[in-house]
Amino acid sequence: MARVSQEHLDARRRQILDGAAVCFARNGFHATSMQDVLKEVELSAGAVYRYFSGKEELIGAIVAEVLGQVHDGFEEAARSTSPPTPDLLVESVLSRVLAAKESLTVDGQPAFPRLVVQVWTETLRNAELAAILREGYGAVRETWTRIVEAYQDAGTMRSDVPPEYVARTMMAAAMGFLAQQALLGPTPVEILRDGLRALMSVRDQPDPS
């Protein structure tokens, strides 16, 4: 009996994750059945259950993968002696993540932003998924905190604001951008980049007194 290559196994796993992501983005987690996923990926139940035990494991794997990609992008910058400015860094990482998911669509629109909002909704009632999200966001926040510390050490960012505050703000900007994409339609990442750049250009006004 011929052995199945790791490349084939990885490709099949990718096929299942992408198909499930489209289903969840289209109909939400609770309205999606495993039969919907099987139909989307055009595989037998045995083929899918070889990789995942059910919907909970599928959504957990999707979330962990995306957060890992986001974390890796910012971690690369954190290890740099001179991290890119926030506007360029957010643009780079978000562009990379969105490009990796651009083939996934629902009704002709990108599926990924809709999936993100569906995941946020599900975490309100799914403790296990909420734990995965907290861990992933915690890792991203810790990495962003180190990036901000590098800015402050280099004298390019004011040092009287705790680095974690800035980290949370940058995460909020990225998360808000994805929410706008889901609610209002596709928007170029360059808009977020340029908006951040404009905010970075604001200077403190002298006290008139």
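The values are calculated or read from the model by the stated rules, or taken from the named source; none is laboratory data. Computed from a predicted model, the values in this text were never measured in an experiment. Counting neighbours? That spans all protein chains shown, and the Cβs are built from the backbone with ideal geometry, glycine included. Note: areas computed on protein heavy atoms with side chains; ligands, DNA, RNA excluded. Shrake-Rupley method; radii C 1.70, N 1.55, O 1.52, S 1.80 Å.
For the reader, a short list of remarks on this structure follows.
- Test: residue in the stretch 99-111 that is out of contact with any helix residue (DSSP H, G or I) (no Cβ under 6 Å at 6 or more places or on another chain), surrounded by 17 or more Cβ atoms within 10 Å (Cβ to Cβ) and in a helix (DSSP H, G or I): no
- Those residues of the stretch 114-133 which are open to solvent by 40 Å² or more (accessible area, probe 1.4 Å), within 25 Å of Leu184 (Cβ to Cβ) and of a type in the set (Val, Ile, Thr), in sequence order: Val117, Thr121
- Being surrounded by 12 or more Cβ atoms within 10 Å (Cβ to Cβ) and farther than 16 Å from Thr85 by Cβ holds for only one residue in Ala173, Ala167, Ala182, Ala150, and it is Ala182.
- Of note, Tyr137 does not satisfy the criterion of being open to solvent by less than 30 Å² (accessible area, probe 1.4 Å), of a type in the set (Ser, Thr, Tyr), in contact (Cβ under 8 Å) with a residue 24 or more places away in the chain and on the phi < 0 side of the Ramachandran plot.
- Of residues in the stretch 50-71 being in contact with a helix residue (DSSP H, G or I) (Cβ under 9 Å, 6 or more places away or on another chain), outside any loop (DSSP other than H, G, I, E, B) and open to solvent by 50 Å² or more (accessible area, probe 1.4 Å), the one nearest to Ser92 (Cα to Cα): Gln69
- Residue that is farthest from Pro110 (Cα to Cα) [pool: residues in the stretch 192-204 that are open to solvent by 60 Å² or more (accessible area, probe 1.4 Å) and without any contact (Cβ under 8 Å) to a residue 12 or more places away in the chain]: Asp204
- Tally, over the stretch 12-43, of residues that are more than 13 Å from Arg114 (Cβ to Cβ), assigned to a loop (DSSP other than H, G, I, E, B) and open to solvent by less than 50 Å² (accessible area, probe 1.4 Å): 2
- Residues in the stretch 182-195 that are in contact with a Leu (Cβ under 9 Å, 6 or more places away or on another chain) and under 16 Å from Val93 (Cα atoms): Val189, Leu192, Arg193.
- Residues of the stretch 153-164 satisfying the condition of being farther than 17 Å from Ser201 by Cα and either modelled with pLDDT under 95 or open to solvent by 60 Å² or more (accessible area, probe 1.4 Å) (or both): Asp153, Ala154, Asp160, Glu164
- Flag if Arg79 is out of contact with any helix residue (DSSP H, G or I) (no Cβ under 7 Å at 6 or more places or on another chain) and of a type in the set (Lys, Arg): yes
- For the stretch 154-209, filtering for residues that are part of a helix (DSSP H, G or I) and out of contact with any strand residue (DSSP E or B) (no Cβ under 8 Å at 6 or more places or on another chain) leaves 34.
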